[in-house]
Amino acid sequence: AFESHWPPTDASFTCGQASREFKAMVKKFRKKENKNLTVAQNEKIRKRIRENREANDLKAPKAGTSFAHIKNKHKRSQMVTLMKQEKKKQKAKVRRGRREAEARGEEVERQEPRTIDKMRESDETIVPAEDSEVEEDENMDEFEKYFQGGKTPKILVTTQKKPSKRCFDFLKELVHVIPNTFYYPRRDFPFKKICEFASNKDFTDILLFHEKAKVVQGVYICHLPKGPTSYWRLTRLKLGQEMAGGATCNASHNPELILNNFVTRLGRRLGRQLAALFPQMPDFKGRRTITFHNQRDFVFFRHYRYNFKEEGTKCKLQEIGPRFTLKCRYLQHGTFDAKSGEYEFIWRPDSQVSRKSMFV
């Protein structure tokens, strides 16, 4: 009986596939209808409450009012919603009055917004401006010869075994972003053997990208010949071909490099490792610029070009792509060694419980 029904005919397979697609479409439609119905019911309830309060001349509750004495949970939730709406209206009214005062030419005092960056906890590793001791240490590190112009970076890029098409699309763009970059397939070689091969071929750095479920998860950056090695978690990847209105670039021009907010000893070391991937002689005719912007230990990578208008009097940035976000998970002394390597830094979730504590 099994042999008589296998393999299935094209007609039965197409019919079953169409049935599954129809059921999925009905399920999606019902979900959308239920959502719209819930929104309409909530709006009707809010309108009825507002009309009842206006009819009885009841004012909206002020911010900070406690509703613990109301035992009904739904009624208590409605009162909290009314309080939040009133608070939002008052803030909008103050902002509107401030804008009108500025339009009349009056002097308006603006308060500085409170952000997590500005509330950062004090750290003894933050490097002050023009610290001679740190500058002397950096003059003797592994990256100094690249900043003095004595050596040009040469990058080897590879992936995990059996990379996906999405990863290849990303590497196609990355090879044009970083000058003097060469792609080698991974095959079955271990990472330590690749480091030895690249060092013998006079490569200065290795970038190894790995995936999970066909999504790029992270990158290992190994500086040759003596390290260090860092691992970065890679998220929010968007390719240049996916950007609306994206620009193109001439890959033969060396980009201008910008690093923002790498203020601690660890941050300066990581920033120098990222900067050592690029030649330190930018070609400004190409109008390309690459930015590594650190904010709350997340490093945002952006690739732009300058777009001049009106004979150079105006300029704007046009994104080329790709874009992604990096977060350093560890920094290892020397080349990659998962078993006996010495770690300079390891990020752990319990080491950053407070959002105001930062390491980079």
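Structure summary
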| item | result |
| --- | --- |
| Any hit, the stretch 339-358, residues being open to solvent by less than 60 Å² (accessible area, probe 1.4 Å), within 26 Å of residue 226 (Cα to Cα) and out of contact with any Lys or Arg (no Cβ under 7 Å at 6 or more places or on another chain) | yes |
| Selection count where residues are surrounded by 12 or more Cβ atoms within 10 Å (Cβ to Cβ) and under 15 Å from residue 319 (Cα atoms), scope the stretch 241-257 | 10 |
| Strands (runs of 3 or more DSSP E) lying entirely in the stretch 242-359 (those with 2 or more residues that are closer than 22 Å to residue 177 by Cα and of a type outside the set (D, E, K, R)) | 256-260, 288-295, 298-309, 314-319, 323-333 |
| Residue tally, condition touching a strand residue (DSSP E or B) at 6+ places or on another chain (Cβ under 7 Å) and surrounded by fewer than 18 Cβ atoms within 10 Å (Cβ to Cβ), over the stretch 267-283 | 1 |
| The lone exception for residue 320 - which of (1) open to solvent by 50 Å² or more (accessible area, probe 1.4 Å); (2) farther than 19 Å from residue 231 by Cα; (3) of a type in the set (Val, Ile, Thr) it fails | (1) |
| Pair list, Cβ under 6 Å, 6 or more apart: the stretch 181-200 residue under 17 Å from residue 338 (Cβ atoms), other residue surrounded by fewer than 16 Cβ atoms within 10 Å (Cβ to Cβ) | 186/161 |
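Table: residues versus (1) in a loop (DSSP other than H, G, I, E, B); (2) open to solvent by 70 Å² or more (accessible area, probe 1.4 Å); (3) not small (Gly, Ala, Ser).
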| residue | (1), (2), (3) |
| --- | --- |
| 168 | no, yes, yes |
| 175 | no, no, yes |
| 198 | no, no, no |
| 202 | yes, yes, yes |
| 218 | no, no, no |
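Residues are listed down the side, and each one gets a yes or a no for (1) among the small types (Gly, Ala, Ser); (2) touching a residue at least 12 places away in the same chain (Cβ under 8 Å); (3) touching a Lys or Arg at 6+ places or on another chain (Cβ under 7 Å):
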{"residue": "72", "(1), (2), (3)": "no, no, no"}
{"residue": "77", "(1), (2), (3)": "yes, no, no"}
{"residue": "119", "(1), (2), (3)": "no, yes, yes"}
{"residue": "123", "(1), (2), (3)": "no, yes, no"}
{"residue": "129", "(1), (2), (3)": "yes, no, no"}
{"residue": "139", "(1), (2), (3)": "no, no, no"}
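The values are calculated or read from the model by the stated rules, or taken from the named source; none is laboratory data. For clarity, every value in this text was computed on a predicted model and none was experimentally measured. Every residue, glycine as well, gets a Cβ built from its backbone with ideal geometry; the counts of neighbours run over all protein chains shown. Remember, those area values only see protein heavy atoms, side chains included, never the ligands or the DNA or RNA. Shrake-Rupley method; radii C 1.70, N 1.55, O 1.52, S 1.80 Å.
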